[in-house]
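Q: Okay, here's the structure, questions in a sec.
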Amino acid sequence: MSDFTSVARVDDVPEGEGRRVQAGGIEIALFKIGDTFYAIDDTCIHQGGPLGDGICRDGVVTCPWHGWQYDIATGACHNSPSESVDTYEVRVENGNVQVKV
């Protein structure tokens with residue numbers, strides 16, 4: 001059964017920036033756009049780059065290694081439309097950002 005795991009405090013995730021976190025042994029890239037948090041798999045499908053270290057603009061994160069891009073809401077890869085990274089449900093409870101894995 002999947003559970004929510006606290007991965008950060010709301011104030012720990014600046015607007016438009018990624019954070020690399022772990023939940024249930026999974027490396028996750030966490031993003032905040034406005035009041036909404038998004039969580040996707042942290043590993044770029046191209047060559048394993050850390051998506052949580054990438055630049056996020058207009059809901060798209062760019063991998064810092066080779067520039068592959070992903071929609072942070074759907075996980076869809078812009079460079080290879082038939083592929084995507086996993087996405088995870090996110091909620092905020094008492095100032096804690098929690099991810100369901």
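Q: With respect to residue 85, determine if the residue is over 17 Å from residue 26 (Cα atoms) and modelled with pLDDT of 95 or more.
A: No: the conditions fail for residue 85.
Q: Please specify each residue of segment 1-19 satisfying the condition of being part of a loop (DSSP other than H, G, I, E, B) and either over 15 Å from the mean Cα position of the chain (by Cα) or basic (Lys, Arg) (or both).
A: 1, 2, 3 - these are the residues of segment 1-19 that are part of a loop (DSSP other than H, G, I, E, B) and either over 15 Å from the mean Cα position of the chain (by Cα) or basic (Lys, Arg) (or both).
Q: Something else about it: Here are 66, 46: which of them is surrounded by 14 or more Cβ atoms within 10 Å (Cβ to Cβ) and touching a Cys at 6+ places or on another chain (Cβ under 8 Å)?
A: 46
Q: Restricting to segment 69-88, name every residue that is outside any strand (DSSP E or B) and either in contact (Cβ under 8 Å) with a residue 60 or more places away in the chain or buried (at least 18 other Cβ atoms within 10 Å of the Cβ) (or both).
A: 72, 75, 85
Q: Being of a type outside the set (Phe, Trp, Tyr) and either assigned to a strand (DSSP E or B) or under 15 Å from residue 100 (Cα atoms) (or both) narrows it down to one of 22, 47, so name that one.
A: 22
The values are calculated or read from the model by the stated rules, or taken from the named source; none is laboratory data. These numbers come from a predicted model, not from an experiment. Note that each Cβ is placed from the backbone with ideal geometry, even for glycine, and that neighbours are counted across all protein chains shown.
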